[in-house]
1. Enumerate by residue number the GluC sites (Glu not before Pro) in the range 89-149 meeting two conditions: DSSP loop (anything except H, G, I, E, B), and at most 15 other Cβ atoms within 10 Å of the site's Cβ.
2. Sorted by average packing, counted as other Cβ atoms within 10 angstrom per residue and highest first, what order do 505-511, 279-285, 146-152 take?
3. Cut-off under 18 Å on the C-alpha distance; same-chain residues fewer than 8 positions from residue 277 excluded. Which aspartates and glutamates are left, in chain and number order?
4. Hey, what do the phi angles of the range 372-378 turn into as Karplus ³J(HN,Hα) couplings, whole Hz, using 6.51/-1.76/1.60 and θ = phi - 60°, x for Gly and Pro?
5. Under 8 Å for C-alpha pairs, at least 6 residues apart: give me the relative contact order for the range 409-453, rounded to a whole percent.
6. Given bins 5 angstrom wide, list per bin the percent of all Cα-Cα distances in the range 360-445, short to long.
7. Going by C-beta contacts inside 10 Å, put 99, 391 in order with the fewest on the left.
8. Just to confirm my numbers, what's the Cα centroid distance between the range 128-153 and the range 81-100 in Å?
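Derivation of every value follows stated rules applied to the coordinates shown; laboratory data play no part. What you are looking at is a predicted structure, and each value in this text was computed from that prediction instead of being measured. Quick reminder, even Gly has a Cβ in these numbers, built from the backbone with ideal geometry, and neighbours come from all protein chains shown.
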Amino acid sequence: MKDFLKYVMATIVGMLLCSIVATVITVLSLAGMAASEGASAPIVDNSILHIKLQGTIEERMKDTPLSMFTNNEFEVLGLDKTLEALEKAKANDKILGVYLEGGILAATPAMAEELRHALLDFKESGKFVLAYGDSYSKSAYYIASVADRVMLNPIGSLDWSGMAAQPIFYKDLLAKIGVKMQVYKVGTYKSAVEPFICTEMSDANREQVASYLGGIWQNMLKDVAASRGLKVESLNALADSMTLFADTQTAVNGGLVDTLCYISDVKAILKAKTGIKEDENIRFAEVPDVANAETLKKKVSDEVAVYYAYGDIVDDRASGMSQDAQICAKDVTKDLQALREDEDVKAVVIRVNSGGGSAYASEQIWHEITLLKEKKPVVISMGGMAASGGYYISCEGNLVYAEPTTLTGSIGIFGMIPDVSELMTQKLGLSFDVVKTNSLSDIGSISRPFNEAESRMVQNAINNGYELFTRRVADGRKMKQDDVKAIAEGRVWTGEQALKIGLVDKLGDLNDAIAAAAALAACEDYAIGTYPAEKPWYQSLLDEGKDTYLNTQTKSILGDYYTAFGWLQRIHSQNPIQARMPFELVIK
């Protein structure tokens, strides 16, 4: 019997060891595949840089090794790598031009504008830019309109129908399940709370949305008119007839498109452009490969650091359904401290793309920026949006840059706390009782809403937060606090409008901000470092792969509803006092 048990145990141990060895081999194989997948392919002669205008544009390219195994078809175009690829392609003799593949692209107007500027800069090299699409969304066409030749499938589609903002309201839905939102705010235009307490836009919100939406559209009209040799009035007239359902010949007649053709025709055109024989394949170079190609710049010790801060501003990282990126105060303060102490870093550009979040977290980041600014220049580069908390962390920069269509301002504070007492008691049939030592011991209990005295306390905290916010802006922008309050009230402005009222210093992109930071630091020769550093592939594999994949799939399913439902999921874990834009800015 002892021998039998001994052999059984030996067999079990052997099986366990085999399993462990097999697991290690599998992980190493996956790692090798992921590493080879992520390795840059060499750039060959007569190549064409291929840029897909599909999916979404995000601040940074984020490769997750698991994506190659999860059949993730949700395209993400990293703005950082795309801009870098265009800059390198401009000087690389092996790359003859750019091919833009149109499609359905979701992008904030300012990020689309920045990519468009980079393509215009690329064209100054004398190299070609061609665009073809089976379809073009507004953002995709706006970018593709810089091309020397814009091509469209004869039975494809092009959306040039103007712009619309369509918020979604949840008040009646919440009422059906017995939930009310207790709202406390400062700012006539602070509309983030409206979806939860209204069934339509307030007059003030409608006014501000009409203002910034009109400003964005006028910039798009002006840019496309310049590239296509058209009049703004003609483009505006086309917008009344150019929907996804319009005949493609309308796009040709209106001057939006040069050629109607099929993909096989496009291949022939590209081969003719590059001198490739008919029986040979077109040599495409993808964005990551070109971006990662070696440069011939000499090595220098002085560095201008570019720190990316994009996503919701939070006190600490949260799990579950959330935005793809977060500005976590704990992480950002540590990172900025390290940059402050790094003697090689002579100046810092903080790239902000955020609609805000926790007022407490915004204050912590603001404080760290003031300390950083004492030792070296700090320049802010605003991306798609730098509003509310995003503006809070921007206002202290030595210089603040924005794109004309950046959404910024929204200087205001609010608190929103759900009252679920009706859901608990009337819908679910629960009963509550309480024993307490003090009158406020059960404040915030799910069994009851705030009483009048408690509501006054919360509103006082909101008022104090607004006073602090406007004082921070006044100090950073060298303005009187009353003058700040006159343009605050939670109102959202475009970058172009913000320049006129003193909230930003200059209109320009990330490269302009980098050049300005180097000038402030008196650096003639400098390297550009990007922060925070990208995580190694194995950490992404272990920590992020599953959540990133699930979030991406959830996002693709929920679409416009994703942000609001994510916020509802996190409402109990986030800071109740918020400095943010509307939770869902749906611009179509």
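1. Details: sites: 101, 113, 114, 124; in loops: 124.
Qualifying residues, ordered by number: 124.
2. On the way: 505-511: 19.1, 279-285: 14.1, 146-152: 22.1.
The most tightly packed comes first, giving 146-152, 505-511, 279-285.
3. Hits, sequence-local ones excluded: 45, 265.
4. 4, 5, 5, 9, 7, x, 10
5. Numbers: 21 pairs, mean separation 20.1, N = 45.
Here the relative contact order equals 45 percent.
6. So the P(r) values, bin by bin, are 3, 11, 15, 13, 11, 7, 7, 8, 10, 8, 6, 2, 0.
7. On the way: 99 22, 391 35.
Exposure proxy ranking, most exposed first: 99, 391.
8. When both Cα centres are located, 17 Å separates them.
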